[in-house]
Amino acid sequence: LGLFLAKTDILICMLPLTDATRNILNLQLFKQLKPKAYIMNLGRGEHLVEEDLVFALENRILSGAILD
């Protein structure tokens, strides 16, 4: 996953919600993306750790996010 994320400009999450995908969109994952990447979460809310997203946006780890 790390090698994939390191090459990713835009990450689109459409995963089903399972124990393995709950909180998958977190600061650790965001830091593995290319600098200034964007995320799109088209899945449900429990994939995303909202506090990590806010931190990543405020600290310019991510350039932006689109949430469903």
(request) For Glu51, state whether it is at negative phi, modelled with pLDDT under 95 and of a type in the set (D, E, K, R). (result) no
(message) Can you pull out every residue in segment 4-47 that is outside any loop (DSSP other than H, G, I, E, B), under 15 Å from Ala65 (Cα atoms) and open to solvent by 20 Å² or more (accessible area, probe 1.4 Å)?
(response) Ile10, Leu11, Ile12, Leu27, Tyr38, Met40, Gly45
(message) Tell me whether segment 55-63 contains one or more residues that are open to solvent by 50 Å² or more (accessible area, probe 1.4 Å), among the aromatic types (Phe, Trp, Tyr), part of a strand (DSSP E or B) and modelled with pLDDT of 95 or more.
(response) no
(message) Given the criteria touching a residue at least 24 places away in the same chain (Cβ under 8 Å) and charged (D, E, K, R), does Asp68 qualify?
(response) yes
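The values are calculated or read from the model by the stated rules, or taken from the named source; none is laboratory data. Just so it is clear, the structure is predicted and the values come from calculations on it, not from any experiment. Note: ideal-geometry Cβ built from the backbone for every residue, glycine included; neighbour counts use all protein chains shown. Just so you know, the surface numbers come from the protein's heavy atoms only, side chains and all, with ligands and any DNA or RNA stripped out. Shrake-Rupley method; radii C 1.70, N 1.55, O 1.52, S 1.80 Å.
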